[in-house]
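Chemist: First, the structure itself, so that you have it in front of you.
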Amino acid sequence: MRKISFQNIGLIFGTIIAISLIFILLSIEITSQPQFCGFCHVMKPYVRSWQTSTHKGVACVECHIPPGITSEFRKKFEALSMVTKYITGTYGTNPWTEIEDSSCLRCHEKRLLQGKEIFKGVLFDHTPHLLELKRGEQLKCTSCHSQIVQGTHISATTFTCFICHFKNQELGKGTSRCTLCHEIPEQVITKAGVNFDHSEVKRLGMECIHCHKDVVRGEGEVFKERCLTCHNEPKRLEKFNDRELLHRIHVTEHKVECIDCHREIEHRVGEIVNRVNTKCEVCHQQGHSPQKELYMGIGGKGVDPQPDFMYLSGTRCEGCHFLPPKEGGETMEANEISCMKCHGFRFKKIFNQWKEGIEKRVSEMRREYEKYKDLIEIEKRDTILHNIQLIEKGKGIHNIRYSTNLLIHSYSILSSELEKKKIKVENPFLRNIPFESKCLNCHLGVEIKDFKGEKSFSHEVHIIENGIRCESCHPKHNGEPMKRKLIFEKNGCSSCHHRDKRECETCHREYLKVPFEGKIFDHNLHIKEMELSCQKCHTFEKSRGMTLSKSSCAECH
């Protein structure tokens, strides 16, 4: 038998080693390809989510194997074990992996540790979340970035943020402070027809929760039954109340989704139906139902639902009722200060106008009803009384537009019923407004208001009787302070009134004593006592307006 030399043995072993190395290198290369990861059918959903993610250009191993040769061999051994289990049919259907921060920081170190960024409209800073303890816990990248959520891959999961920021926190305090994430807008925001300048929030020291009260739902509680989905050992279950231990193991040392243990907390603008479901109702459910119905624009008869603008924009009861109760009272108060806190000092006049206007209107409607109620059909009488009582009990200022429309509708019922009996009623405070105008969103009530000064002016005559729109005399200002209150032509009111030769007394109801050429001229003496007409002394010229003819003075003087 031919003897094998040591040289041949060495060659054989060298060949075997070389082939083995080539096989190992090829295996490493092949198993590092994402296509190989999708070979097992249990991994296919994960590969599909990766293919549509922002990381689709990054190979799986770049994230799933941390830097270092030791990690490379350890992960390859784990992968070999998974392949073996797959071939032998002993694999599980819920594959589990953990991604270390060092893998993420291969690419994201500079971006994550320098500066802030906007995420879904929220100002977010990675630095304190990674480098500082948050509520006593050391967070990892994957504490916020889920490995797979609803078909996405390594995406930020907002419910993790909400559990950390709102769990056991009073809204607006501590980690639930709005300004931690949201900058106060500087611009004017329009919602539901209402203009609101958020820059006033900072200037006046307002609290966001006055309007945004219902933005958090859920307590994020943990039920012991959830532990049983992973654990069944009695000794482990005994540690249920050891918060520090559980968070260290599940959050700091390992990657366990917060949602696996905690019930979800929602953070968003609430549904409109919940904007009046406040803590006030714990005590005042019955006493405050008329106010709630008026604010929501419901409960009246004969008028379509018409929610108040502030209700549509999300303002809750506490948004206005934040003043201390009056002596002996229990209900938080609201007055013109409530409006001024958000809308500025100019709103004091508007508030008082609303209050006086609706009180005058409901008083007039009550008076007309009591005077003629016996002449009206029972069903229609009940409609009128229902609307009056809703406004009286619910305080009409909670929804000035809806309250006004209910009174106008009630008055139209009363008028039509009395006309059948040949009785005519005329109440200027209850007439219908002949047009819709954005001006009346704030200035409702001015249409029945008279002004007296050098000249008397009646909005009622102009708006209700003649249907003249606000914009005919006033400039549009879109919520901004007006630089000019009126926009008349050069000749003022005469551009409308004098050209059709209306009676002067329509506007000039009071004949004043006025200075004229160093003396006092008494209109009363000439018009009332001497019964002279205005046209005797005054003439109208289109180019110059109303003028005084001195030659007419000479006829008498």
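The values are calculated or read from the model by the stated rules, or taken from the named source; none is laboratory data. Bear in mind that the values here come from a model prediction, so they are computed numbers and not experimental data. Positions of Cβ are backbone-derived with ideal geometry, glycine not excepted, and every protein chain shown enters the neighbour counts. These area figures cover heavy atoms from the full protein model, side chains too; ligands, DNA and RNA do not enter into them. Shrake-Rupley method; radii C 1.70, N 1.55, O 1.52, S 1.80 Å.
Chemist: Taking into account only those residues within region 294-321 that are more than 22 Å from Ile388 (Cα to Cα) and hydroxyl-bearing (Ser, Thr, Tyr), which is farthest from the chain's Cα centre (by Cα)? Outline the logic, then answer.
Modeler: Here is the first cut: in region 294-321, the ones more than 22 Å from Ile388 (Cα to Cα) are 310, 312-321.
Still in the list and also hydroxyl-bearing (Ser, Thr, Tyr): 313, 315.
Details: Ser313: 6, Thr315: 8 Å.
The qualifying residue farthest from the chain's Cα centre (by Cα) is Thr315.
Chemist: Let me ask you something else. For residues in region 398-417 being open to solvent by 30 Å² or more (accessible area, probe 1.4 Å) and out of contact with any Leu (no Cβ under 9 Å at 6 or more places or on another chain), which is farthest from Met365 (Cα to Cα)? Please lay out each step first, then the result.
Modeler: Taking region 398-417 first, the residues open to solvent by 30 Å² or more (accessible area, probe 1.4 Å) are 398, 401, 405, 409, 412, 416.
From the residues that got through so far, the ones that are out of contact with any Leu (no Cβ under 9 Å at 6 or more places or on another chain) too are 405, 409, 416.
On the way: Asn405: 12, His409: 11, Ser416: 15 Å.
In this case the residue turns out to be Ser416.
Chemist: Filter region 213-261 down to residues that are open to solvent by less than 60 Å² (accessible area, probe 1.4 Å) and over 23 Å from Thr175 (Cβ atoms), then give me how many there are.
Modeler: Qualifying residue count for the region: 4.
Chemist: Could you look through region 459-486, keep only residues that are more than 32 Å from the chain's Cα centre (by Cα) and under 24 Å from His343 (Cβ atoms), and pick out the one that is modelled with the lowest pLDDT?
Modeler: In the first step, residues of region 459-486 are kept if they are more than 32 Å from the chain's Cα centre (by Cα); the result is 459-468, 472-473, 486.
Then drop every residue that is not under 24 Å from His343 (Cβ atoms), which leaves 459, 463, 473, 486.
Working: His459: 84, Ile463: 84, Cys473: 82, Leu486: 72.
My answer is Leu486.
Chemist: Can you tell me which of Gly314, Gly319 is assigned to a helix (DSSP H, G or I), closer than 20 Å to Gly297 by Cα, modelled with pLDDT under 80 and not β-branched (Val, Ile, Thr)?
Modeler: One residue alone meets the criteria, Gly319.
Chemist: Looking only at residues that are part of a loop (DSSP other than H, G, I, E, B) and open to solvent by 50 Å² or more (accessible area, probe 1.4 Å) in region 47-67, which one is farthest from Ser146 (Cα to Cα)? Write out each step before concluding.
Modeler: Our first condition is that a residue be part of a loop (DSSP other than H, G, I, E, B); within region 47-67, this holds for 52-59, 65-67.
From what is left, the residues that are open to solvent by 50 Å² or more (accessible area, probe 1.4 Å) are 52, 54, 56-57, 67.
On the way: Thr52: 15, Thr54: 13, Lys56: 16, Gly57: 18, Pro67: 21 Å.
Applying the filter and picking the extreme gives Pro67.
Chemist: Can I ask one more? Can you tell me how many residues in region 246-268 are charged (D, E, K, R) and in a helix (DSSP H, G or I)? Full working, then the answer.
Modeler: First pass over region 246-268, keeping only residues charged (D, E, K, R): 248, 253, 255, 257, 260, 263-264, 266, 268.
Narrowing the set further to residues that are in a helix (DSSP H, G or I) leaves 248, 253, 260.
Counting residues in region 246-268 that are charged (D, E, K, R) and in a helix (DSSP H, G or I) gives 3.
Chemist: I'd like the full set of residues that are under 31 Å from the mean Cα position of the chain (by Cα) and open to solvent by 40 Å² or more (accessible area, probe 1.4 Å), limited to region 128-141. Spell out the reasoning first.
Modeler: Within region 128-141, the subset under 31 Å from the mean Cα position of the chain (by Cα) is 128-129, 134-135.
Matches in region 128-141: His129, Lys134, Arg135.
Chemist: Taking the stated definitions as given, is Glu392 under 26 Å from Glu460 (Cα atoms), open to solvent by 50 Å² or more (accessible area, probe 1.4 Å) and assigned to a helix (DSSP H, G or I)?
Modeler: Working: under 26 Å from Glu460 (Cα atoms): yes; open to solvent by 50 Å² or more (accessible area, probe 1.4 Å): yes; assigned to a helix (DSSP H, G or I): yes.
Against the criterion (under 26 Å from Glu460 (Cα atoms), open to solvent by 50 Å² or more (accessible area, probe 1.4 Å) and assigned to a helix (DSSP H, G or I)), Glu392 qualifies.
Chemist: For the subset of region 419-451 comprising residues that are assigned to a helix (DSSP H, G or I) and touching a Lys or Arg at 6+ places or on another chain (Cβ under 7 Å), which member is surrounded by the fewest Cβ atoms within 10 Å (Cβ to Cβ)? Even if it seems obvious, please write down each step before you answer.
Modeler: First, the residues of region 419-451 that are assigned to a helix (DSSP H, G or I): 419, 428-430, 439-443, 446-448.
Narrowing the set further to residues that are touching a Lys or Arg at 6+ places or on another chain (Cβ under 7 Å) leaves 429-430.
Values: Phe429: 20, Leu430: 23.
Only one residue tops the list, namely Phe429.
Chemist: Could you look through region 349-359, keep only residues that are of a type outside the set (Val, Ile, Thr) and touching a helix residue (DSSP H, G or I) at 6+ places or on another chain (Cβ under 6 Å), and pick out the one that is farthest from Tyr411 (Cα to Cα)?
Modeler: Phe351
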